[in-house]
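Below you'll find the structure, written out as structure tokens, and then a few comments.
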Amino acid sequence: MLAIGEFSRLTHLSVRTLRRYHDLGLLVPARVDRSTGYRSYTSDQIPTAQVIHRLRELDVPLADVRRIIASTDPHSRSTLVTEHLVRLEAELDRTRAAVVSLRRLLDPDPVPVSVELRAVPETTVAAIEDDIELDDVMAWYAGAMAELDAAVGDRTGPPGGVYDNALFEEGKGHVLVHVPTADPPHRGRVHPVTLPAVELAVATHVGPHDDADVTYGELGSWVVANTLAVAGPVRETYLVGPADDPDPSAWRTEISWPIFRVSQVPSPGPVRR
């Protein structure tokens, strides 16, 4: 038997923490002296204590820790841990994106955004579209693009996306991803869509997508400064992306805002077939 102090040194769990885990029923001592209240543990409890320690370091909630420790099924334990790791990875991605954006925003010598005005003719593309929650866009995009890749074998240019303003303003909106091709097929969710002719203000975002919001802001500032207004959903064109180069620093994304002079009429939306 190991006294609580000895057990604490062996497991790197403080005596106070061990007492709390006992009160919660998470790690119950092998024996508690009725007269003194002294807690004693066995060496067999060391691995359990170390597992609890690691899980808490990963911020696994106590209720989940209890389920993991109590489970006798290795598959169930693995599923519970994996689910939490996925949540942690998502939080790390959000933190990383915020750090990248802040560093760029706080740069004392930012590189001025380069904006091109471009007239784009009417174009028929192979597309998949749906109304999507903002938080689900990335997962939906990956699935839609995989389906487009399988259905379209003869691309005539880089893939792109059209994102309704409501997606950003209300957290849910219409999203259309597409690839240009000479003969857009009807297959599964894939169908032809005609994107209207439009005047665009275009800026190229260089690098990973984590700080694309900064390029959006810079492009928006340029549009306002040049007395233009946004005439429809934003367009993105993925010149170089993860499928082309695994190095995020090589990625290139064109962010394009349909624009018009205040006296002009906004352009129509895509035409579905």
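The numbers here are math on the coordinates, done by the rules we state, and not lab data. Keep in mind it's a predicted model, so treat the numbers as computed, not measured. Note that we place each Cβ from the backbone using ideal geometry, even for glycine, and neighbour counts take in every protein chain shown.
Could you tell me which residue out of Ala151, Thr123, Asn165 lies farthest along the dipole of segment 103-178 toward its positive end? Charges go on the beta carbon: Lys and Arg +1, Asp and Glu -1, centred on the Cα centre.
Thr123
Any number yet on Rg/Rh for segment 115-272, C-alpha, Kirkwood? Could you put the intermediate results ahead of the total?
Numbers: Rg = 15.2 Å, Rh = 16.1 Å.
My calculation of the ratio gives 0.95.
In nm, give the distance between the simple-model label positions of Ala243 and Arg189, each being 7 Å from the Cα along the Cα-to-Cβ direction.
Roughly 1.4 nm, to one decimal.
May I ask you to derive the FRET efficiency for Arg103 and Thr82 from their Cβ-Cβ distance with R0 = 41 Å, giving the value to the nearest 0.05? List each step's numbers first, then the result.
On the way: r = 31 Å, r/R0 = 0.77.
Calculated transfer efficiency: 0.85.
So for the pair His22, Ala70, with labels modelled 7 Å out along Cα→Cβ, what separation do we get in nm?
If labels sit at His22 and Ala70, their model points lie 2.1 nm apart.
How much space per residue, in cubic angstrom, does the convex hull of the C-alpha atoms of segment 2-70 take up?
Numbers: hull volume 5.5 nm³, N = 69.
Roughly 79 Å³ of hull volume per residue.
Once you have the Cα-Cα distance between Leu134 and Ala182, take 0.36 nm times their residue separation minus that, and quote the gain in nm to one decimal.
Details: separation 48, 0.36 × 48 = 17.28 nm, distance 3.10 nm.
Taking 0.36 nm per residue and subtracting the Cα distance, the gain is 14.2 nm.
Per residue, what volume in Å³ does the Cα convex hull of the chain take up?
Values: hull volume 52.5 nm³, N = 273.
It comes to 192 Å³ per residue, whole-number rounded.
What helices in the chain pass both tests, a Cα length along the helix axis of 15 Å or more and a mean Kyte hydropathy of 0.0 or higher, using whole DSSP H runs? Don't jump to the answer; show the numbers that get you there.
Values: long enough: 46-57 (16 Å, -0.23); 74-105 (46 Å, -0.27); 137-151 (21 Å, 0.87); 212-225 (20 Å, 0.61).
Membrane-span-like by this criterion, though nothing is claimed about a membrane: 137-151, 212-225.
Hey, got the dipole for segment 1-150? About the Cα centre, +1 on K and R Cβ, -1 on D and E Cβ, debye to the nearest 20? Intermediate results must be reported in sequence, preceding the final value.
Numbers: 18 positive and 24 negative charges, 352 e Å.
I would put it at about 1700 debye.
Which residue, chosen from Thr237, Thr95, Val177, occupies the Cα position most advanced towards the positive end of the dipole of the chain, where the dipole is computed from +1 (Lys, Arg) and -1 (Asp, Glu) charges on Cβ about the Cα centre?
Towards the positive end, the residue furthest out is Thr95.
Between segment 121-158 and segment 180-229, how far is it from one alpha carbon centroid to the other, in angstrom?
Using only Cα atoms to place each centre, the spacing works out to 13 Å.
Dividing the convex hull volume of the Cα atoms of segment 1-116 by its residue count, what figure in Å³ per residue is obtained?
On the way: hull volume 17.5 nm³, N = 116.
Dividing the Cα hull volume of segment 1-116 by its residues yields 151 Å³.
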